[in-house]
1. Of the residues GLY62, GLY36, which is within 12 Å of the ligand (Cβ to nearest atom) and either surrounded by fewer than 17 Cβ atoms within 10 Å (Cβ to Cβ) or aliphatic (A, V, I, L, M) (or both)?
2. Output the qualifying pairs, or none if there are none: Cβ atoms under 9 angstrom, residues six or more apart or on different chains, first residue in segment 97-114 and in contact (Cβ under 8 Å) with a residue 12 or more places away in the chain, second residue near the ligand (Cβ under 8 Å from one of its atoms) and of a type in the set (S, T, N, Q).
3. How about segment 72-86: which of its residues are at pLDDT below 95 and within 6 Å of the ligand (Cβ to nearest atom)?
4. Check whether at least one residue in segment 45-57 is open to solvent by 40 Å² or more (accessible area, probe 1.4 Å), over 12 Å from the mean Cα position of the chain (by Cα) and under 22 Å from GLY108 (Cα atoms), and report yes or no.
5. Filter segment 117-133 down to the residues that are modelled with pLDDT of 95 or more and away from the ligand (no atom under 11 Å from the Cβ), then identify the one that is most open to solvent (accessible area, probe 1.4 Å).
6. Which one is most open to solvent (accessible area, probe 1.4 Å) among residues in segment 85-96 that are in a strand (DSSP E or B) and touching a residue at least 60 places away in the same chain (Cβ under 8 Å)?
7. Looking at segment 101-116, which of its residues are surrounded by fewer than 16 Cβ atoms within 10 Å (Cβ to Cβ) and over 19 Å from ASP13 (Cβ atoms)?
8. For segment 23-41, does any single residue satisfy the condition of being touching a residue at least 60 places away in the same chain (Cβ under 8 Å), aliphatic (A, V, I, L, M) and in a strand (DSSP E or B)?
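The values are calculated or read from the model by the stated rules, or taken from the named source; none is laboratory data. Owing to the predicted nature of the structure, the values given are computational and were not obtained by experimental measurement. Reconstructed Cβ throughout: ideal geometry from the backbone, glycine too, with neighbour counts over all protein chains shown. Accessible surface areas use protein heavy atoms only, side chains included; no ligands, DNA or RNA. Shrake-Rupley method; radii C 1.70, N 1.55, O 1.52, S 1.80 Å.
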Amino acid sequence: MTPRILLVKTALDGHWRGITAVAIALRDAGFEVLLGGMARCDEIVQMAVQEDVDLVGLSIGGHIAVAERIIASLRESLPDVAIIAGGTLRPSDVQHLAVIGVPGFPPGSSLRDIVACARDLVRTPNVSKLSGDSN
Ligand code: B12
């Protein structure tokens, strides 16, 4: 079955190239990619539920607290959905995401690594959540 990923931006920043590059790489790797654009927490949860996605990709524009709220809401409504993140993350943000079980890809990350991680998460969605591993 084709894995479905919802990609969204969680804050209004100007870095759109990254999410676009990730969308193309995942599409080329066989994912069905839904681009949700810039969205609020409730909108992201609603889209993920309605579209019945396997994975949600958050492009975080610096505001890690907003992303944390979104991650918590997604897990409450969709406990089986896997989450992956990227964008303008500081090293401390990447570490923090790893602690809460979300692999984080800051600027300069390899698209190959992102695709490999997305594939792993779709295969075993609960592994990162349970272990807190990054990638
Ligand atoms: C071009 C650029 C811009 C362009 C945006 C171009 C665009 N349309 O995307 C403009 C000029 C608008 C810009 C603005 C700013 N920028 Co800028 N920008 C860059 C630059 C030079 C290249 C970014 C780029 O396009 N990379 C190529 C794309 C393909 O990669 P990417 O965006 O980094 O995305 C990668 C990852 O983040 C990740 N990813 C992104 N989204 C997602 C989503 C998911 C689900 C996953 C898994 C992964 C993922 O995967 C991508 C591939 O590796 C970088 C420096 C650099 N060399 O990285 C700084 C950089 C990203 N910018 C930075 C900053 C600070 C800013 C500003 C805040 C500067 C300022 N003080 O005004 C503003 C933001 C203003 C605003 N309101 O948004 C910082 C971010 C610091 C950080 N914490 O990471 C960087 C790293 C520069 C630096 N070294 O300080 N920027």
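1. Details: GLY36 fails: either surrounded by fewer than 17 Cβ atoms within 10 Å (Cβ to Cβ) or aliphatic (A, V, I, L, M) (or both).
Exactly one residue qualifies, and that residue is GLY62.
2. Cβ pairs passing all conditions: PRO106/THR88; PRO107/THR88.
3. none
4. First pass over segment 45-57, keeping only residues open to solvent by 40 Å² or more (accessible area, probe 1.4 Å): 46-47, 49-52, 54.
Okay, now just the ones that are also over 12 Å from the mean Cα position of the chain (by Cα), so 46-47, 49-52.
Subsequent filtering for residues that are under 22 Å from GLY108 (Cα atoms) retains none.
So far as segment 45-57 goes, no, none of its residues is open to solvent by 40 Å² or more (accessible area, probe 1.4 Å), over 12 Å from the mean Cα position of the chain (by Cα) and under 22 Å from GLY108 (Cα atoms).
5. Start the filter on segment 117-133 by keeping residues that are modelled with pLDDT of 95 or more, which leaves 117-121.
Keeping just the survivors that are away from the ligand (no atom under 11 Å from the Cβ) gives 119-120.
Values: ARG119: 105, ASP120: 81 Å².
Applying the filter and picking the extreme gives ARG119.
6. So the first thing to find is which residues in segment 85-96 are in a strand (DSSP E or B), and the list is 85-87.
With the extra rule that they be touching a residue at least 60 places away in the same chain (Cβ under 8 Å), the set shrinks to 86-87.
Working: GLY86: 11, GLY87: 26 Å².
Per the stated criteria, the residue is GLY87.
7. Residues of segment 101-116 surrounded by fewer than 16 Cβ atoms within 10 Å (Cβ to Cβ): 107-108, 110, 112-113, 116.
Hits for segment 101-116 are SER110, ARG112, ASP113, ALA116.
8. Step one: list which residues in segment 23-41 are touching a residue at least 60 places away in the same chain (Cβ under 8 Å), which gives 25-26, 29, 31.
Pick out the ones that are also aliphatic (A, V, I, L, M) and you get 25-26, 29.
Subsequent filtering for residues that are in a strand (DSSP E or B) retains none.
No, segment 23-41 contains no residue that is touching a residue at least 60 places away in the same chain (Cβ under 8 Å), aliphatic (A, V, I, L, M) and in a strand (DSSP E or B).
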